[in-house]
Amino acid sequence: MFKKAVDAKSQQRLSGADRKKLKRTVRERFPAVSDADIDLLLPPKAEISVAKYPNRILVYGLEGDCPLFFDADGRGSEIFPTVYALWKVPDLLPAFILKGGEVSRYVLGGADLMFPGIYIPPDGLPSFSAGEPWAVKVPGNPAPIAVGSTTMNSTEALKAGLRGKALKICHYYRDTLWELAENCSIPNAGFLEDVVFEDPALYSATPASESFEDNSSAGQMTAMTHESTGDASLADGAAPISDSAPCTDHSVVNEVGELVNSAMADLQVTENASGCDSNVDDQHPLSVEDVDSLLDKCLLQALHTTIKDKDLPMLGSILWSSHVLPCRPSGVTLDIKKSSYKKLSKWLQSKSTGGLISVKEDKHKKEATLVSVNRKHLEYTSFKPEKKKVDNNEQSAKNISGEGQSEKTLDVVELYKASTHVNPILAAVGAETGKLYTAPETSQIVFAYIEKENLVKQTNKAIVVLDATLCDALFKGAIKKGTTYPTEIHKKDVGQTFINRMQAHIGVTRGNDTVVRKGALKPIQIITERRQGNKKVTKLSGLESFLIDAEALASELQKKFACSTTVSELPVLSYSVKRGLKFWSKVVSLMISEGFLLNNMASKKDTSRFLTRPEDKYYGKCSGMSFEARRSSGDMMAFLVSDDFSVIAISICSQDLMS
């Protein structure tokens, strides 16, 4: 709902009556909210504004602060809190707990929440109805990350085997609604740029015994971690439990130990996975200074090897994923969050301040864009890029893929050939008149002639004075009679005017095949027809202009869209048809000159077939024609024409015979 940025149509303050109505709607919509919570979200003396958007969405918020509620349909029946409101009052909505922090990447990417990604507590799936507002939380983090409405009730979800869509996400952390706040903030350190994990403060501040009292899955996982670390600390040299300790203490310890063991058995796979990750991290421990140095090295490597000036400007996300990350050493994990910059935009801005690159930040998307590279910078010139060694197998695979890519590469070039109008210009500069030229080459020819004849106006260098040859080349035959030929022309108009006077051609290259055709390139036509009720058929024509094999494309489309495809030739006028059209044009001209009025008898019977015999019998489409001609005096001439357009029957009736 808030994936793309949309400007508000209007924004205004709420009146006293509208403020009361909003509070009443919030109280009815969210029964768990108390009056104190409402006063916390909507203070009595604070100014509340509403922004109206083109899609009928209303966004309510405090002036100079963050948005708190949004109305999805503009009628008050589907009002939801924003994540800012949920961060202030976390219990405002019931919440689904994700199975892990990694699942939050999909939610923050704009995907809806599916049942397989939800943690189901031991008590079973909580009860809910379809269309209810629910929040989404990450285990170990009390702050919600998204809000949406349920797609089905709990009974239907259990019948479906907890498969399918659970929550239709309406708003999530880091979407455009979250960015509406004047000071975009996060509730804790677990909220990263594209993922949310547990709150680190809870691990350091919450003791193990208190964690076990939490009934949520997040609390259980936290308790397990703390209890296991506590056991390890005891094993490493903490004071053992004496024999004089009370019996109750031993029982408590035993109970806690049993809980930890059972919980760790359930989390055996998770622990192993986390252990693997920790091993990978331990292999390459990097400090903040090392990460900063590695970032600079990877950027310089990318600037030398993969980033070309023709590719600029380039979005920061593309620069990072397609150029910087591939330049990191093998086996090393490069994370911008572990550097001193924390954000990609801050790192690029620091490089821009140093003069190595030029960066511009988009205010709407809030993303940095690489605009230019200073390749004369000392840091750039002093860096020596590394040459990566490529295995023979990888090289052969790249060659094979490159050959396949070259076969599929399509290149379309506009070419121009000299006409009789511009031949004197080409002859004057020594250019070949029968050669095909591109648009830049054509402009160079005319400007070479201008420079040779010294036709630039001395008082104004942007004006070209036309001599007789250049004037005829540009305007002869293109200006109406009686109109005076121009004597001057602006430089920016010379090239295009000269190109328009040449014969246009199109050069199409696909792999090793090249063809040049006269005239403009005919585009591919895509037509959709409806057949047999609601059955739709899509027709493609004009593929030959782009050297596309129709049979191969039909086979590919059949696999891609799981549909049936056929290839057939378009109807083309044969030589006999073209010859017949010329014959008929002569007959019609002659009969009109004799005063006959032509009527197509076939059009009265059937538009798709032509009448071929007087007894109204049909055969074949477009196989023969029958015409009648009537003169103003009343005489009529009727004749039949066969397939080869020879007249096989002629009859002339006067008005007296017809009566």
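The values are calculated or read from the model by the stated rules, or taken from the named source; none is laboratory data. Note that the structure is a prediction, hence the values are computed from the model and not measured. Note that we place each Cβ from the backbone using ideal geometry, even for glycine, and neighbour counts take in every protein chain shown.
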Mind telling me which of the residues LYS3, LYS45, LYS99 ends up being out of contact with any His (no Cβ under 9 Å at 6 or more places or on another chain), in contact (Cβ under 8 Å) with a residue 12 or more places away in the chain and more than 18 Å from TRP134 (Cβ to Cβ)? LYS3
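Take ASP112 and decide whether it is in the same structural domain as LYS165 (by TED's automatic domain parsing), charged (D, E, K, R), without any contact (Cβ under 8 Å) to a residue 60 or more places away in the chain and within 18 Å of ARG174 (Cβ to Cβ). Walk me through it before giving the result.
On the way: in the same structural domain as LYS165 (by TED's automatic domain parsing): yes; charged (D, E, K, R): yes; without any contact (Cβ under 8 Å) to a residue 60 or more places away in the chain: yes; within 18 Å of ARG174 (Cβ to Cβ): yes.
Answer is yes for this residue.
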What do you reckon, is SER330 modelled with pLDDT under 80 and outside the structural domain of ASP175 (by TED's automatic domain parsing)? yes
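Out of the residues in segment 330-340 meeting the condition of being touching a residue at least 24 places away in the same chain (Cβ under 8 Å) and more than 29 Å from the chain's Cα centre (by Cα), tell me which one is surrounded by the most Cβ atoms within 10 Å (Cβ to Cβ).
Going through the qualifying residues, I end up with SER339.
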Evaluate the following for TYR84: is it in contact (Cβ under 8 Å) with a residue 24 or more places away in the chain and farther than 14 Å from CYS170 by Cβ? yes
Go through (1) in a loop (DSSP other than H, G, I, E, B); (2) farther than 30 Å from GLU367 by Cβ; (3) within 29 Å of the chain's Cα centre (by Cα) for MET152 and report which single condition fails. (3)
Out of LEU466, LEU436, LEU474, LEU521, which single residue is without any contact (Cβ under 8 Å) to a residue 24 or more places away in the chain and touching a strand residue (DSSP E or B) at 6+ places or on another chain (Cβ under 8 Å)? LEU466
How many residues, within segment 155-170, are closer than 11 Å to SER129 by Cα and surrounded by fewer than 16 Cβ atoms within 10 Å (Cβ to Cβ)? 2
HIS323: modelled with pLDDT of 50 or more, within 30 Å of GLU379 (Cα to Cα), in contact with a helix residue (DSSP H, G or I) (Cβ under 7 Å, 6 or more places away or on another chain) and not aliphatic (A, V, I, L, M), yes or no? yes
Among the candidates ALA51, ALA46, ALA72, ALA36, single out the residue that is farther than 24 Å from TYR172 by Cβ, surrounded by 11 or more Cβ atoms within 10 Å (Cβ to Cβ) and assigned by TED's automatic domain parsing to the domain that holds GLU179. ALA46
Read through the list (1) of a type in the set (A, V, I, L, M, F, W, C); (2) modelled with pLDDT of 80 or more; (3) over 30 Å from PHE498 (Cα atoms), then give the number of the only condition that VAL413 fails. (3)
Filtering segment 29-67 for residues that are closer than 13 Å to LEU92 by Cβ and under 29 Å from the mean Cα position of the chain (by Cα) leaves a count of 0
Failed condition for ALA448, given (1) at pLDDT below 90; (2) out of contact with any Lys or Arg (no Cβ under 8 Å at 6 or more places or on another chain), with all others met? (1)
Qualifying position, being surrounded by 10 or more Cβ atoms within 10 Å (Cβ to Cβ) and at pLDDT below 80, among LEU557, LEU521, LEU543, LEU547: LEU521
Within segment 124-135, identify whether any single residue is farther than 27 Å from PRO67 by Cβ and small (Gly, Ala, Ser), and answer yes or no. yes
For segment 486-520, enumerate the residues that are assigned to a strand (DSSP E or B) and of a type in the set (S, T, N, Q). GLN503, THR509, THR514
Per the filter on segment 347-373, residues outside any strand (DSSP E or B) and either over 29 Å from the mean Cα position of the chain (by Cα) or farther than 19 Å from VAL195 by Cα (or both) are TRP347, LEU348, GLN349, SER350, LYS351, SER352, THR353, GLY354, GLY355, LEU356, LYS363, HIS364
Could you grab the pairs with beta carbons closer than 6 Å, sequence gap of 6+ or different chains, first residue in segment 177-188 and assigned by TED's automatic domain parsing to the domain that holds PRO142, second one in a loop (DSSP other than H, G, I, E, B) and modelled with pLDDT of 85 or more? LEU177/PHE2; ALA181/CYS66; ASN188/ASP199
